[in-house]
1. Taking all protein chains together and a probe of 1.4 Å, list GLU367, GLU360 from the most accessible to the least accessible.
2. Applying 1/(1 + (r/R0)^6) with R0 = 41 Å to the Cβ-Cβ distance of TRP240 and VAL170, what FRET efficiency is obtained, to the nearest 0.05?
3. Say R0 is 51 Å: what FRET efficiency, to the nearest 0.05, do ARG354 and SER90 get from their beta-carbon distance?
4. Enumerate the calculated ³J(HN,Hα) couplings along segment 218-232 in order (Karplus 6.51 cos²θ - 1.76 cosθ + 1.60, θ = phi - 60°), each rounded to whole Hz, writing x wherever the residue is Gly or Pro.
5. How big is the accessible area of THR471 in square angstrom, nearest 10, if you roll a 1.4 angstrom probe over the protein chains?
6. Using modelled amide H (1.01 Å from N, peptide plane; none on Pro or chain starts), what sits under 5 Å from the amide H of VAL418, excluding residues fewer than 5 places away?
7. Short version: ³J(HN,Hα) in whole Hz for each residue of segment 120-125, in order, from phi by Karplus 6.51 cos²θ - 1.76 cosθ + 1.60 (θ = phi - 60°), x for Gly and Pro, what are they?
8. Measure nothing fancy, just the Cα-based angle from helix 52-61's long axis to the longest principal axis of the chain, in degrees from 0 to 90, nearest 10.
Amino acid sequence: MIVALCFLSAVALLVAVYRRYTRLTLADVPGPKAESFLLGNMRELMQGGATEADTIWQRQFGGVVKFKGPFGENRLMVSDPKALQHILHSSAYHYTKPNGFRKAIGRILNGNGLVAAEGDVHKRQRKAMLPAFGGPESKALFPVFKSISEGLVSHWNDVISSSEDKASVVVNAPWWLSRATLDAIGEAAFDYKFGALDDVDTQLKRAYSNIILTLFGNPSTPRVFLEACSEYLPTGPLVWLFNTLPFRRFVRLREACRASVDTAASLVKEKGQALLEGRGNKDVMSLLVKANASTNEKAKLTDDELYAEMRIILFAGHETTSNSLTLMLWELAKNPQVQSRLRDEIRATEAAMRARGASELTLADMENMHYLQAFLKEGLRFHPVASNMFRRATQDDVIPLSAPMRLSSGKVVGELTVPEGTSMILSVAAYNRDKNLWGEDADVFNPDRWLDGEGKEKKRIPVGVVGNLMTFSSGLRSCIGWRFAMTEMQCFLVDLVSNFEFAIAYPEKRVRREGSGLMFPVVVGEEKDGVKLPLRISAALRE
């Protein structure tokens, strides 16, 4: 291991020196002072709490910030809207995902699937998958989400009724929501019942339980260094190491992949047979198998690619949604007026539903709740669970800027020349908190901004797919399942807020957002407990 570390350090140093002295340079771009030559700014970026460095740097230096990687290498953090539009839209395939730790993890999680693919392979796969993730397809899954959210309501009612005072109880919100969203993704995407809420023991449930902490927990300093240096190595050898090393993180990763491949193989066979017999379902896997059967050979997804898509749908559609919902419930607990206003809107919509003779709210009812939509967008803005993206320039390029940038030399420029090989972090968090875009109260959770200034987003540079936010990414690599996620989150929020009141369980304790790459809540001083956000829930009063 020591030999491997020394070799990696030597390779990283050589590549860093080479990049630093190429004909194009980023030396004049403003940015923070490096902590050290060896680590650069990487500890500040990865150990300071999720998104904290992003926001501080953006406020101090602007929408493009130079920071130091290992051995003094210049890297960029980008949150400027026009620059993001260029990188993610018009030149998306010139900015690939960099080699290294994250790409290796993505390759293991997703095989040769959509998240790991580049160029023409990515185009083909995305085209093949899009029909399963359209608006009508996502709306057709509403009954599935409704059933799971009602199941969570039932479980919480049982927990309250069995509590000591029969009136309220403290729950670890992400523990419950992770299980509920795992059940939801299982049924909606694969017509597969995890039974996580009912504590049914399955191979997939064990493999994916709390995996976000294992893969993206707060890294140690040696891990920060290794992850930063890993970008200098080809992805293939890293994948081999991760598939070989006995470390707990990699063992968990391999278990999850084996479990998902085993289940995927069974499901693909089952759904292919159903298609031959004229049967079918509306889950994502059935739609993918059906679309795959009707397309030409060159455009098809292979069985291995279908298995790969299942792995990433399970991961991306499970923990990201549960942690987004957890942090939104946290905002409701901290802001009782917002909670009451949202519940009042739900009650009014329920009254209108009964007046027309209906017994259940429809997705259209929820989409017409203006304050619900405002709250949901503000939650996505304020707590972007996938808080940054990583890219590498494959060629020299000139990136346009939405606002002039003053270089360290004093020169003011409206565009930035970027050398080939430049590593970048595209900061979703910094973009979503940019005061030039969202106003001076960008650090305040305020759903009213979407009601008072909803038209302003039309005047902004078009970037994101929902509310011009970057939370679901943007452009050719925007989250393919964003409609799916929006339908699910609306359903859960309405059912939970309609049935329960939320309050901070322990005001004396501090909750902090953690995570390197994916964000989740922990209680300060209790980090060993993992993903945790205790909330006090009680039955919501009805007139």
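1. Heavy-atom accessible area, descending, gives GLU360, GLU367.
2. 0.35
3. Efficiency, from the Cβ-Cβ distance: 0.55.
4. Karplus values, whole Hz, x for Gly and Pro: 4, x, 6, 4, x, 5, 4, 5, 5, 5, 5, 6, 4, 5, 7.
5. Answer for THR471: close to 20 Å² accessible.
6. Answer set, sorted by chain and number: ASP397, VAL398, ILE399.
7. 5, 5, 4, 4, 4, 5
8. That works out to roughly 50 degrees.
The values are calculated or read from the model by the stated rules, or taken from the named source; none is laboratory data. This one's a predicted model, so the numbers in the text were calculated from it and none came from an experiment. Methodologically, a virtual Cβ is constructed for each residue, glycine included, from the backbone with ideal geometry; neighbour enumeration extends over all protein chains shown. To get the accessible areas, we keep the full protein, side chains included, count just its heavy atoms, and leave off ligands, DNA and RNA. Shrake-Rupley method; radii C 1.70, N 1.55, O 1.52, S 1.80 Å.
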